[in-house]
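One structure is given below, encoded as C-alpha cells.
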Amino acid sequence: MKKIKYKSFGFQWLTSCISTTLVLLLLGLVVLFGFSANELSRSVRENLTVTLLLDDDLSTEDADTFNMRIQDCPFVRSTTLISKEQALKEEMERMGTDPTEFLGGENPYTASIEMTVPAEYACTDSLLMISKELKAMWQVTDVVYQRDIVDNLNDTLQKATIVLSVLALLLMVISIVLINNTVRLSVYSQRFTIHTMRLVGASWGFIRWPFIKRSLGIGLTAAVLADALLFGAIYWAFQQDEYITTIITPRIIAIMGASVLVAGLLLTLICTWLSVGHFLRMKEKEMYK
C-alpha cells in the first residue's frame, strides 16, 4: 500500500514539475522577447544617420574643430567627419571614375559630418528640433536625414511594442491560471488528509507547511529546468548568428533567469497558499463533489 502511495506521489510530483516547467518556459520567452525587442528598437534608433553638410569655405582644421564642438551637444551620440578629399575618394571607388576630370580638376563635394543620435531623440519632432538648431550654425548648410524612414520606423516600433505588451499580459494571465490549476489538482488529491488534520486540531499554518514546502521544491526545480532550456537555446542562437549577441545582452539574460526563478517560487507559493486555504474552509460534504 505504501509502495503504491509512493508511486502515486512521485508521478504527481513529476507531472506537476513538468507542467510548471513548461509554463515558466513560456514566461521566460515572454521576458526574453520583450526585453530583446526593446534592445533591438534602441539599436535601430541609435544607428539612424543624420548628415550635416558643411560650408564649402570651411577649412579642414575648422571642420575638425566644429566636429569636436558638437560632440558635447546632448542630442549627439557619435560623429564622423568626412573631408572633401575623403568624399571624393569614396565616390571614385563607388563610380569607378574620377568626377574631377569633367569639372576641370575641381572637387564637387563638400565636407560633411555623419551623426547618430541617442534613441530617445530618434523621432520626427526631436529631429526637426535638432535640424533647426544645427542649421542656425553658419558652418552647416543643410541637415539631411530620411524622414520617411524615421516616420515608418517609429510607427512600426510603436505597433510592435503594443502587440508585445498585450501578448505578454495575456501569456502572463494564462501562465498564472495554468500554475494555479496544477497546484489546485495536486492539493485536491490530499483534501481528506487536510480535513483529518483539521479535525484533530492542527493549526492552518501546520497543515499548510508541508504543501508549501513541496510546492517550493517543485517551483525551484521547474525554474532551474526552464532556465537551463532557455540558456541552452540562447547559446545555440549565439552560435548561429553573432549579431544576436548585440540584441540579447548579458543583462537581458540575467533578468530573464531571475524572472523565471522568482516566478517559479512566488507563483507556486501563492497558488498553494490559496488552494490549501480553499480546502481548509471546505465543509466535509463538499469534499465528495
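Derivation of every value follows stated rules applied to the coordinates shown; laboratory data play no part. The structure displayed is predicted, hence computed values, not measured ones. No Cβ is skipped: glycine too gets one built from the backbone with ideal geometry, and neighbour counts run over all protein chains shown.
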>> I want to check the label-to-label distance for ALA254 and GLU133. Put each point 7 Å from Cα in the C-beta direction and report it in nm to one decimal.
In response: 3.2
> SER78 to VAL200: extension gain in nm, 0.36 nm per residue of separation minus the Cα-Cα distance?
Replying inline: 36.5 nm
>> Below 8 Å between Cα atoms, with a sequence gap of 6+, how large is the relative contact order for the stretch 118-271 in percent?
In response: 26
> Taking 0.36 nm per intervening residue step and subtracting the Cα-Cα distance, what contour gain separates LEU14 from VAL44 on full extension?
Replying inline: 6.4 nm
>> Past 32 Å, Cα to Cα: identify those pairs from LYS84/LYS159; LYS89/LYS135; LYS89/LYS132, in the order given.
In response: LYS84/LYS159
> Shape call for the stretch 144-256 from the C-alpha gyration tensor, a ≥ b ≥ c root eigenvalues: rounded (a/c under 1.5), prolate (a/b greater than b/c) or oblate?
Replying inline: prolate
> Under 11 Å from a point 7 Å along the Cα-to-Cβ line of VAL144: which residues of the stretch 48-81 have their amide N that close?
Replying inline: 51-54
